[in-house]
1. How big is the dipole moment of the chain about its Cα centre under a simple scheme where the beta carbon of each Lys and Arg is +1, that of each Asp and Glu is -1, and everything else is neutral? Debye, nearest 20, please.
2. Where does each of Tyr91, Tyr112, Tyr134, Tyr426 land when they are ranked from fewest to most other beta-carbon atoms within 10 angstrom?
3. 7 Å from Cα along Cα→Cβ at both Tyr294 and Asn381: what's the point-to-point distance in nm?
4. For Lys280, list the lysines whose Cα falls under 23 Å from its own Cα; do not include residues on the same chain fewer than 8 positions away.
5. Find how much the distance from Gln467 to His62 grows on full extension, using 0.36 nm per residue of separation minus their present alpha carbon separation; answer in nm with one decimal.
6. Sorting Met1, Met286 on the 10 Å Cβ count, fewest up front, what's the list?
7. Inverting the mean 1/r over all pairs of different Cα atoms, compute the Kirkwood radius of the stretch 147-232 and quote it in Å.
8. 5 Å is the cut-off here: which amide hydrogens, built 1.01 Å from N in the peptide plane, fall below it relative to Ile180, excluding neighbours closer than 5 in sequence?
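Coordinate-derived values only; no laboratory data. The model shown is predicted, which means the values in this text are computed figures rather than measured ones. No Cβ is skipped: glycine too gets one built from the backbone with ideal geometry, and neighbour counts run over all protein chains shown.
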Amino acid sequence: MSQNEIIQRLARAFAANGKELYLVGGTVRDALLGRDAHDIDCCTDALPDEIKRIVATTGALHIVPIGEKFGTIQVQYIGYPEPLVIEITTYRGERYTVGLRKPDVQFGNSIYEDLRRRDFTINAIAKNPLTGHYIDVWYGRRDLKDKLIRAVDDATQRFRDDPLRLLRAVRLAAQFNFKIAEVTAMAMREEAEWIKVISRERIRDEFCKILLLNDPVYGLHLLTKLDLMWSILPEVAAMQGVEQPPHHSMDVWHHTATVVRMVPARLEVRLAALLHDIAKPVTKTMDGDVAHFYEHEDVGAEMARSILQRLRFGNEITEHVSKVVKLHMRVNQYTSKWSNGSVRRLFLDAGDCIDDLLDLAIADGASDRDEPREQVEARINELRERIQQVQVQAVDHPIRSPLDGNELMQLFGRGPGAWLKEVKQYLNDQVIEGKLQSGDREGAVALLRSWREGDEEDQRETLKVLQEAGIVPKSAEEEQKA
């Protein structure tokens, strides 16, 4: 069956049982905007047990009580061209109590009461699927035409009923390129602190939706303009007005927002773009009239980790983004003069982050600097090609020490200890620099013995490593000179 046929069958079943069923929320809004509605939302005066009993007669494939305590039952149908999921919710109202993170939910009796508790007028339109009649007492269709986000009834109360609506208003405005009505915007500024009663997980999820929009910059600027950024990400808000050196044409915040827009719409790289200069406000120093941000990438990596943990991101995303922030300046400094060893070392240090790191570098370099975008892209794409060559070579010749711990202990006649790690790292570095092959055991042995005989440069370098590892006493340097 088609989507419309399934909805019609469902509506007739409710009517036959003396119950109302309306299409509501984003389903109606998107249809009026000419957008495909992938998620179907309905509301009814039937209670959850009644909903389950009625839908059981309609040929539903699955009936899932995903939020039965809050009056929501999910129904799944075999539809054409794809399965259809419909959520049916009993008329209700909900309100947050100061200091609590979960709302009080009460079931209602009227579609008008249900629409009155909804967030914005464009989401407070109901449609009878049998008659096609709209219930639009809050003039949501007019606001759709005027491209306005307006709170239903008392804006202050709507945001106190569910403070997550503060972020949802921004997300909808950015998603549809709508303005926020003046009275609603004033209430958002006044109630911005209320967002702190919402769980960090809900804040994270709504913020990510904003960040992943095709053009998230409007949403980010609304968050700052309406003082919401100070409540959810004060470190990001602090970037506003922080001036940069002369080769930048924007302050830190506007540069950051531009970079976010320019990177691909992948969560990790968008987060890294947002946080790559997060430490500039706290690392800023002045040399006359010129600003410097020494080690902002290292400080920023730790700040990024703290921020992402605070918003309850998982360890994998947290470490991924922190690594990109830490390494972003290194990639920005790439030139064709880099040795193959430097490229290999970046590849090893970046690991799975390499694509996000390179995409960020292009956006960061081309956003507002003196170097033309075409030149930045050519430079970083050259690095990308060199890294791809390293990846191919690493398949046949893995980058690792030619000698393992047992072989090193046998060579030097020493037991296990911290010295093994130092010597293995030294050999690993020689492989990275192309002075050794990972399978060249004889070459590795010869290199480690070169402090007695061989190339003078290798003698000095190897001797220093062996002395620091405690394998060769400091006095051996005199023996070498002799």
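1. Computed about the Cα centre, the dipole is about 1700 debye.
2. Starting with the residue having the fewest Cβ neighbours, the order is Tyr112, Tyr134, Tyr426, Tyr91.
3. 3.8 nm
4. Excluding near neighbours in sequence, the set is Lys225, Lys323, Lys326.
5. Values: separation 405, 0.36 × 405 = 145.80 nm, distance 7.04 nm.
Gain in length upon complete extension: 138.8 nm.
6. Details: Met1 14, Met286 9.
Arranged by neighbour count, lowest to highest, Met1, Met286 become Met286, Met1.
7. 12.5 Å
8. Ile149
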